1. Mind listing the long-range amide H neighbours of R220? Cut-off is under 5 Å, sequence gap 5 or more, other chains count too, H placed in the peptide plane at 1.01 Å from N.
2. Return the calculated 222 nm mean residue ellipticity for the chain, to the nearest 500 deg cm²/dmol, obtained by summing -39500 (n - 2.57) across DSSP H runs with n ≥ 4 and dividing by the residue count.
3. What ³J(HN,Hα) values, in whole Hz, does the Karplus curve 6.51 cos²θ - 1.76 cosθ + 1.60 give for the stretch 311-325 when θ = phi - 60°, with x put for Gly and Pro?
4. Work out, step by step, the length gained on full extension between N394 and A7: first 0.36 nm times the residue separation, then minus their alpha carbon distance; give nm to one decimal.
5. In Å², what does the accessible area per residue of the stretch 243-347 work out to with a 1.4 Å probe?
6. Leaving ligands, DNA and RNA out of it, report the carbon-plus-sulfur percent of the accessible area of the chain at a 1.4 Å probe.
7. Tell me, what is the Rg over Rh of the stretch 377-440, with Rh the Kirkwood radius over Cα pairs?
8. Cα-Cα pairs above 38 Å in the chain: how many percent?
Amino acid sequence: MATTPTAEVIRERCRAAGLVGCGGGGFPTHAKLERLAEVVIANAAECEPLLIKDTRLCEEAAELVLRGLELAAAAVGARRRIVAAKPKRREAWRALRAALGEGVELVELADAYPVGDEVVLIETVTGRRVPRFGLPGDVGVLVLNVETLAALARAVDNELPFTHKQVCVVGAVGRPLTVRAPLGYPAQALLKAAGWDGNAPVLEGGPLMGGLLDEPAVGRVSKTTAGYTVLPPDSPIPRHLDRDARLNRRLALSACTQCRYCTDLCPRWLAGQRVRPHRWMRALALNLGLAELAGEMWACSGCGVCELYACPEGLSPRRVALELREGYPRPDRSVEEPEERSVLLAGRRPPTSALLTRLGLADFVRPTVVIDPPPTERLVLALQQGTGYPAEPNVAVNDQVTAGQLLAEATARLAVPLHAPLDGRVSVLDSRQLALEVSR
Ligand code: SF4
Ligand code: SF4
């Protein structure tokens, strides 16, 4: 077993590797490791239905995940190390259990959505409630996705930069797949390898939180890409995502019955935060009191439960929140006491199977094949691939670079460097991205 370096060395190697959170937000990991915490949780929930990239990773590299957990705990001085996973994902569960070190706890998560959301996960695992607009660190907890932890282990023990991403292609395709793709790899090549017909709508991400990939031809794998979900033609999801603000208002006015199911099933509400979508739907319909509810809208995680599962009228409280809140300033971080919810409401989390049935995706729960990415001629790498600031290029057009070489440096605390995933020649460089012609 490798020795564990000092907290300073762990953070510095993490920063130098260009690591960001692989669970969706893409927050620079070295910045997360700066704050002391009592508890570190390895998040293996992967609760977006159909997505399976973390599950595959745990099956293949559970020891690396556990090593990353040990390093993260050392960096923040944590006493408790916890792996949170679903027994329903049997192989991954077995592999994680077999790799557990002394004193590491394995916590069972329900096969429900969204058990992997940080606020929900922390409450489920530790009983602590993150305040509205607060951070996990406010309650002494650090949560890291399992892929982030595996990359942290490679960064610290082997000084390897973060250049490849675990990605899956799932849904209405002939050959669902999982792949470890170089950053900047074309989404279209992965979709074709999975048997996408070129017409079916594609989400970048899972069915609940994914966004429509308007132009699959230009989509690229980034540090925050988890996968692509191909939707069947009759899917209700694009209808919700395409709805504009005026239509949402007309629907709120004509169809919202104020039944409150959206609030009663909202995971943030169930976690004790004041987030009440039925209230902003009423305010929208009456065009009254929206400003007072802006804070609630800013606390919405965008999980999609209200519009894709709860609302019997097919309305879109999530879209309303995400659009309208932009018109109001985001509240400062608040330490406001969470609102007490009724104990009767606790545990109302949609089972994955029920969600899939509701979304017409129940037939697409299938194993994935693990493939190597088909050869590509070009990688296109954004200089910013997560939360924070872009990296500053330190190469020029026509420079020949080798795999792992630094392409762009971090010049701000909340920025991470970017490295070449493969050997190649820099062919394009502008303020947002660079392209690499891959050497044969
Ligand atoms: S669930 Fe739908 S109909 Fe009921 S209050 Fe919410 S938006 Fe209105
Ligand atoms: S998307 Fe809907 S259910 Fe999810 S946090 Fe926001 S309001 Fe709640």
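The values are calculated or read from the model by the stated rules, or taken from the named source; none is laboratory data. The model shown is predicted, which means the values in this text are computed figures rather than measured ones. With ideal geometry, Cβ positions are generated from the backbone for all residues, glycine too; neighbour counts draw on all protein chains shown. In case anyone asks, the SASA skips ligands and DNA or RNA and just uses the protein heavy atoms, side chains included. Shrake-Rupley method; radii C 1.70, N 1.55, O 1.52, S 1.80 Å.
1. Under 5 Å from the amide H of R220: A187.
2. Result for the chain: -8500 deg cm²/dmol, rounded to the nearest 500.
3. The phi angles translate into 6, x, 9, x, 8, 10, x, 5, 4, 4, 5, 5, 7, 5, 5 Hz.
4. 136.5 nm
5. 49
6. The computed percentage sits at 50.
7. 0.96
8. 21
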